[in-house]
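Only the coordinates and a few stated rules stand behind these numbers; no lab work does. This one's a predicted model, so the numbers in the text were calculated from it and none came from an experiment. Every residue, glycine as well, gets a Cβ built from its backbone with ideal geometry; the counts of neighbours run over all protein chains shown.
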């Protein structure tokens, strides 16, 4: 019997690597990864990304099944670019681009 591989989930809170002032822990995607592991009992292969270069390199080496990107004022354009790049490489990949800034306007 052939074993099925775990679905690959990429969680990214990207920043522009030329901006060395943003050197923080990606707590938001860490919490999401933990919630996914608890909910799906470790049946997903989850990778976390902060560095945009490492994220792009990973995308070029393997196809994720699901990609979730954070969106803040400082990385909105980068995350939107990443979603478009993912769809260009892998149209079948499910992508979610959270829009925290927009959601604040709809309380």
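Given R0 = 25 Å, the distance between the Cβ atoms of residue 58 and residue 38 translates into a calculated FRET efficiency of 0.55.
Kirkwood radius, region 8-104, all distinct C-alpha pairs, inverse of mean reciprocal distance: 13.7 Å.
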